[in-house]
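Asker: Attaching a single structure in structure tokens format; questions to follow.
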Amino acid sequence: MNSGALKADVSPLSVYYLVTPLFILLDWLFSLQIRVALPGESSGLYYAYLGLCFLLGGLVFRQGMAAAFFGLAESTLNILLLGLSVFLPILALADDPSAGFEFGAEKAIQFLVVGSVLIYAFRSSAYRLAAG
């Protein structure tokens with residue numbers, strides 16, 4: 001066995017980043033944004049973000065602590081974006097009450113799924129950092 005070979009980290013967090021193309025496919029086929037919910041219409045930013053996550057997935061897969069740091073930062077940012085995706089349209093009602101605010105079952109399910117994935121990523125990253 002080659003002792004100089006890079007050791008792969010096959011954790012749920014690394015798999016989460018490496019299956020990014022699956023998230024892109026789900027978005028293209030079913031309009032399901034599971035990784036992040038960006039406020040407003042910003043599909044270009046969404047795909048650029050997913051591309052970055054996939055590229056960094058290789059680093060995350062090979063470097064355990066890098067995965068934990070990246071996972072913690074990424075999930076923290078995404079939790080903020082998820083909250084903003086709900087609260088900014090509500091705040092916009094103050095400027096234009098006729099704009100309306102649509103938050104039906106589809107948005108609620110997306111919010112719960114995305115939020116659950118992000119909380120799991122955050123907690124598992126924090127646990128890995130604490131464990132060393």
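The values are calculated or read from the model by the stated rules, or taken from the named source; none is laboratory data. Nothing here was measured: the structure is a model prediction, and the numbers come from that model. Counting neighbours? That spans all protein chains shown, and the Cβs are built from the backbone with ideal geometry, glycine included.
Asker: Kindly indicate which of 91, 50 is modelled with pLDDT of 80 or more and of a type outside the set (Val, Ile, Thr).
Answerer: After applying the criteria, what remains is 91.
Asker: Go through the stretch 87-106 and give me each residue that's free of Cβ contacts under 8 Å to residues at least 40 places away in the same chain and surrounded by 14 or more Cβ atoms within 10 Å (Cβ to Cβ).
Answerer: Passing the criteria: only 92.
Asker: Next up: Name the pairs: first residue in the stretch 115-132 and in contact (Cβ under 8 Å) with a residue 40 or more places away in the chain and of a type in the set (Gly, Ala, Ser), second residue in a helix (DSSP H, G or I) and surrounded by fewer than 14 Cβ atoms within 10 Å (Cβ to Cβ), Cβ to Cβ under 7 Å, at least 6 apart or on different chains?
Answerer: 124/12
Asker: Could you list all residues from the stretch 120-132 that are hydrophobic (A, V, I, L, M, F, W, C), more than 14 Å from residue 81 (Cβ to Cβ) and surrounded by 11 or more Cβ atoms within 10 Å (Cβ to Cβ)?
Answerer: 126, 129
Asker: Surrounded by fewer than 15 Cβ atoms within 10 Å (Cβ to Cβ) and out of contact with any strand residue (DSSP E or B) (no Cβ under 9 Å at 6 or more places or on another chain), is that true of residue 117?
Answerer: In short, no.
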